[in-house]
Amino acid sequence: MILLENVCKEFDSGFSIKNLNLSIKAGEKITIFGPNGAGKTTFLKILAGLITPSSGALTIFGYPLTNRAEILKKIGLVPQSGHFYETLTVKQNLEFYGKMYSLDKHELAERMSMLLTKFDLSMKLDIKISQLSKGMKQRLLIIKALLHDPHLLLLDEPYSGLDLQSSEYLFSFIGSMEAKTVIIATHDFDTGIREGQRIIIFNQGSVLFDGQWKESISAFKGFYREKVS
């Protein structure tokens, strides 16, 4: 489904991703850990088509990056901070983004209703974005990414700003997405270990660990500290 071969991304300050080789299968649930500046966000942005690798080969859903339009139809991205039109209502924003995904009115209404209910925002449909709390906006970012029912969901620190109930909603929802591929970058060890069937540790643009973790979370924390120190 996703294949990266010797992918690099270099900025003026140096390499953010160095010779990355990864193969990701459909349906995998992957959690990425790493310190700030490790390359996690750059990796997600490359997969989301927001930035282009400096070198290497990347295919997603069998398409090369040159077929960006087809790839983006199947990807949902939850960035650390996203954009909404503050003076418009929740409904107006979601309708706008639904049209961008070419959803018809009936399908969009169904997806909006289901997701708003799931993330406890159905009563905020006619409220302006500027009146929502930080946690509500974070939940809405997740709903926006899921509107078109993507095959690949990319989440960058999705639990930041969520209360316990919303975090559990998201955890449960991701667990129910059996046929979907989900890649999460997070500093939340407890949730990340529970969620990820496959764990990847990034540091300085390289992969230090890639595999399953079957021991305790406390054991992983010690292992992680050794790897990134």
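The numbers here are math on the coordinates, done by the rules we state, and not lab data. Quantities reported herein were computed from a predicted structural model and do not represent experimental measurements. Every residue, glycine as well, gets a Cβ built from its backbone with ideal geometry; the counts of neighbours run over all protein chains shown.
Summary table below
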{"item": "Rg followed by Dmax, in Å, when segment 113-229 is reduced to its Cα trace", "result": "16.0, 49"}
{"item": "Spin-label model distance (nm) - Gln131 vs His187, 7 Å beyond Cα toward Cβ", "result": "3.3"}
{"item": "Percent RCO, i.e. relative contact order, over segment 81-133, from Cα pairs under 8 Å lying at least 6 residues apart", "result": "61"}
{"item": "Chain lengthening between Ser113 and Gln204 when straightened (0.36 nm per residue, less Cα-Cα)", "result": "28.6 nm"}
{"item": "Rough spin-label spacing in nm, given labels placed 7 Å along Cα→Cβ, for Asp149 and Met1", "result": "1.6"}
{"item": "Max mean-square fluctuation residue, GNM over the chain, Cα-Cα springs under 10 Å, options Leu116, Leu146, Leu164", "result": "Leu164"}
{"item": "Within segment 178-229, GluC sites (Glu not before Pro) in DSSP loop having at most 14 other beta-carbon neighbours inside 10 Å", "result": "Glu178, Glu215"}
{"item": "Difference of contour (0.36 nm per residue) and Cα-Cα distance, Leu22 to Gln165", "result": "48.1 nm"}
{"item": "Nearest-20 debye value, the chain charge dipole, Cβ charges on Lys, Arg, Asp, Glu", "result": "120"}
{"item": "Residue among Leu77, Leu153, Leu162 with the largest mean-square fluctuation in a Gaussian network model of the chain, springs linking Cα atoms under 10 Å", "result": "Leu162"}
{"item": "Pairs of alpha carbons in the chain whose separation is greater than 25 Å (percent)", "result": "42"}
{"item": "Among Ile183, Ile143, Ile127: highest mean-square fluctuation, GNM of the chain, C-alpha pairs under 10 Å", "result": "Ile127"}
{"item": "Kyte-Doolittle at least -1.0, axis length at least 20 Å by Cα - qualifying DSSP helices, the chain", "result": "none"}
{"item": "FRET efficiency for His106 and Thr66, using Cβ-Cβ distance with R0 set to 41 Å, rounded to 0.05", "result": "0.75"}
{"item": "Segment 81-133: radius of gyration over Cα atoms, expressed as a fraction of 2.2 N^0.38 Å", "result": "1.09"}
{"item": "Length added when fully stretched, Tyr85-Asp120, from 0.36 nm per residue minus Cα-Cα", "result": "10.6 nm"}
